[in-house]
1. Tell me, which residue of the stretch 55-82 that is surrounded by 11 or more Cβ atoms within 10 Å (Cβ to Cβ) and among the hydrophobic types (A, V, I, L, M, F, W, C) is modelled with the lowest pLDDT?
2. If you check every pair at least six apart or on different chains, which have Cβ atoms under 7 Å apart with a residue in the stretch 115-140 that is part of a helix (DSSP H, G or I) and at pLDDT below 90 first and a residue that is surrounded by 11 or more Cβ atoms within 10 Å (Cβ to Cβ) and polar (S, T, N, Q) second?
3. Filtering the stretch 10-47 down to residues that are hydroxyl-bearing (Ser, Thr, Tyr) and surrounded by 10 or more Cβ atoms within 10 Å (Cβ to Cβ), which residue is farthest from the chain's Cα centre (by Cα)?
Amino acid sequence: MAKPQRLWQRVFDYIRKDLSEIIVPSCLPDHPTSEKCRRLSWREIGQVSRTALKAYADSWSSSPSRMEELHREPEFRNSSLLAEIRDEFAQVAKGGAKGLAPYLHRLAHLRAAVVKDSINAFTEGYKDGLSGRTGLGSEGFGRAAERDDG
């Protein structure tokens, strides 16, 4: 049986080293080939912050303002798409819940078709990648397409 002093030493070492590493793990060292970024000056930090905040604020621009911009364009006012949308909404308004059902049914079928097409395109691309027809090898980018075509 271990001596009590050695047992206490092990418990103390565990608490001091291992437990603190479990609770607050230290970062792994950087890879030797990684480049260290230089520290930014206060002016550069302010410039980056202003740019980031401006981009963030622009991303929250509301859709009504975008629709107002679209309505100002004469192409949008006269487009057949706008007329179709107005007709569909008029039919839905007249029919109530019964008029809404065919519209939602058509929308669901359209979304299902888009998902099906995108899955098919993904699987074709994945199969091409597995078969090695990506064209990114030693042949160059354009030569693989020429080989596949003829």
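1. Only one residue fits best here, namely Phe76.
2. Asp128/Thr134
3. Once the filter is applied, the top-ranked residue is Tyr14.
The values are calculated or read from the model by the stated rules, or taken from the named source; none is laboratory data. Everything quoted here is computed from the prediction, not taken from an experiment. So basically every Cβ, Gly included, is an ideal-geometry build from the backbone, and we count neighbours across all protein chains shown.
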